[in-house]
Amino acid sequence: MLDDTIAAIATPLGEGGLAVLRVSGPQALAVVDRSFVPVGKSSLPPSAAPTHTIQYGRIENAGAIIDEVLLAVMRAPRTFTREDVVEISCHGGLMPARLVLDVLLRNGARMALPGEFTRRAFLNGRIDLAQAEAVADLIHSRTELALAAAHEQLAGKLSQRINRLRDDLVKILAHVEAHIDFPDEDIAPATLEQLVQRLEHGVAFMDELLRTANEGQILRRGIRAAIVGRPNAGKSSLLNQLLGHERAIVSPIAGTTRDTIEETANIRGLPIVFIDTAGLRDAGDALEVEGVRRSRESLARAELILHVLDASEPLTLADEQHLAEFAARKKIIIGNKIDLPRRLEWKGVTETLVEVSCITGKGLEALREAIKEAVWSGDIHAEMFQVMINARHQDALQRARTSTVRSLDALRSGATLELVALDLRIGVQAVGEIVGQTTTEDLLDSIFSQFCIGK
Ligand SMILES: Nc1nc2c(ncn2[C@@H]2O[C@H](COP(=O)(O)OP(=O)(O)OP(=O)(O)O)[C@@H](O)[C@H]2O)c(=O)[nH]1
Ligand SMILES: [Mg+2]
């Protein structure tokens, strides 16, 4: 696969000022040579151009001009894929980029698969697997914090820690294996104690990494927060306030929102997916029945519930039923409409009421803070972003932890060293999966298929 030359449009399809195509592989310079006519005295075909230079000219097909372009010529190995790479900037819009791509394919390039450039960067040893995943995180990040975390992972902060952990386990394994080869010599008690300590240290380190999984998940995937409550409480008004624009229809008619509406907002740097729902009530017509069913479904899937009460009215029986229903859920109870005279009694109830007005905007900042507090444990500070493991890392680390703990127990209880080594080997393997030291085609396929074409 690595001996052919791939090409793709790297920018999103649609109208724009520029579009960029990427060509990578051993024939990259030759393919573009056949497609490109230099314009101007100093402009050169890619095969004659020095590395890391820009060339001006035209893409032509059998004498017909396709587009006016700039080429960035980058020779291996100082490129993203470590292969020869040419990046072609052409006019934006659908047609120019597509026609340029057609010419490249006709002249010997193959259409790249999703993530194939990044896959080559991995296979050629430029980045490891955790860094490759960070490229996807970077592209998909929806807030600055998510972006910061992706940058740290791309810079290798997680990989460094994983490699150190793996190195240490490998050294311990080597020590244990050496003693298997010389069964007459017992491990000296002092050495044994030291090995136990190092393994304990390794497990503690895995626990530390595993604790970042929750935050890593939040930054990558966001948190689903369902806005619920009885009709007219102000759920849609709250959604609009949190998003900063009039996304949902607001009206004094009870039962305005029929369908669920989902939008992501940036709350203190965290991507929160807010879901506005139809007011919970015994529905009248079939349409409303469906709306309430969808509300219930969103409720069940939500990781956080924003329960909106109307503070200008006393609690209704329905409100009390909802409060009881959500008692065990992670939630924030909101008293809306505090610009109106207060008629809601909130005494003797243990939970705090976050008071807001969706008309004046009062209390919204405190609500944002409460949302952050509910989903993120502790402060948000820059060092945390150095390591934020994803679900795949979590799975591998958990397996590594289980087998390391098993080998630790075996070592402590004086079991045969073969047993100790067996589990340690499994642990080393699992840790290696994170950075791609141990990997399979299937794993690579599943990671890179999540990328877009051209990345
Ligand atoms: N005075 C006042 N009125 C509000 C406030 N928030 C919402 N309202 C009004 O309350 C009414 C209902 O608001 P919505 O946001 O549509 O309520 P909802 O909970 O989405 O209602 P349904 O979609 O019908 O379930 C509208 O007339 C809003 O203008 C507020 O903070 N103060
Ligand atoms: Mg509504």
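Summary table below
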{"quantity": "Kyte-Doolittle at least -0.5, axis length at least 20 Å by Cα - qualifying DSSP helices, the chain", "calculated": "157-181, 189-210, 417-435"}
{"quantity": "Virtual spin-label span in nm between Thr402 and Met111, 7 Å along Cα→Cβ", "calculated": "4.1"}
{"quantity": "Cβ charges +1 (Lys, Arg) and -1 (Asp, Glu), total dipole of the range 68-119, debye", "calculated": "160"}
{"quantity": "Additional length obtainable on full extension of the chain from Thr191 to Asp4, 0.36 nm per residue less Cα span", "calculated": "62.1 nm"}
{"quantity": "Pairwise Cα inverse-distance average, inverted: Kirkwood Rh of the chain (Å)", "calculated": "26.4"}
{"quantity": "Cα-centre dipole for the range 195-307 with unit charges at Cβ (Lys and Arg positive, Asp and Glu negative), debye to 20", "calculated": "80"}
{"quantity": "Nitroxide proxy distance, nm - points 7 Å out along Cα→Cβ at Ala324 and Ala300", "calculated": "2.2"}
{"quantity": "Simple spin-label estimate for Thr440 and Leu364 in nanometres, 7 Å along Cα-Cβ", "calculated": "5.0"}
{"quantity": "Percent RCO, i.e. relative contact order, over the range 17-84, from Cα pairs under 8 Å lying at least 6 residues apart", "calculated": "29"}
{"quantity": "Per residue accessible area of the chain, 1.4 Å probe, in Å²", "calculated": "48"}
{"quantity": "For the range 151-209 versus the range 65-129, the gap between their alpha-carbon centres in whole angstrom", "calculated": "42"}
{"quantity": "Pairs of lysine residues in the range 299-455 - Cα separation under 19 Å, sequence separation of 8 or more or cross-chain", "calculated": "6"}
{"quantity": "The range 127-188: mean projected area of Cα convex hull, nm²", "calculated": "5.6"}
{"quantity": "In Å², nearest 10: area of Thr360 left accessible to a 1.4 Å probe", "calculated": "90"}
{"quantity": "Gained length - Lys41 relative to Leu123, 0.36 nm times residue gap less alpha-carbon distance", "calculated": "25.6 nm"}
{"quantity": "Within the accessible area of the chain (1.4 Å probe), percent carbon and sulfur", "calculated": "54"}
{"quantity": "Compactness index (Cα Rg / 2.2 N^0.38 Å), the range 198-333", "calculated": "1.27"}
{"quantity": "Unit charges on C-beta of K, R, D, E only; dipole of the chain, Debye", "calculated": "960"}
{"quantity": "Extension gain (nm, one decimal) between Arg343 and His140, 0.36 nm per residue minus Cα-Cα", "calculated": "68.6 nm"}
{"quantity": "Estimated 222 nm signal from helices in the chain, with DSSP H stretches of n ≥ 4 weighted -39500 (n - 2.57), rounded to 500", "calculated": "-14500 deg cm²/dmol"}
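The values are calculated or read from the model by the stated rules, or taken from the named source; none is laboratory data. Not measured: the values here are computed from a predicted model. Positions of Cβ are backbone-derived with ideal geometry, glycine not excepted, and every protein chain shown enters the neighbour counts. These area figures cover heavy atoms from the full protein model, side chains too; ligands, DNA and RNA do not enter into them. Shrake-Rupley method; radii C 1.70, N 1.55, O 1.52, S 1.80 Å.
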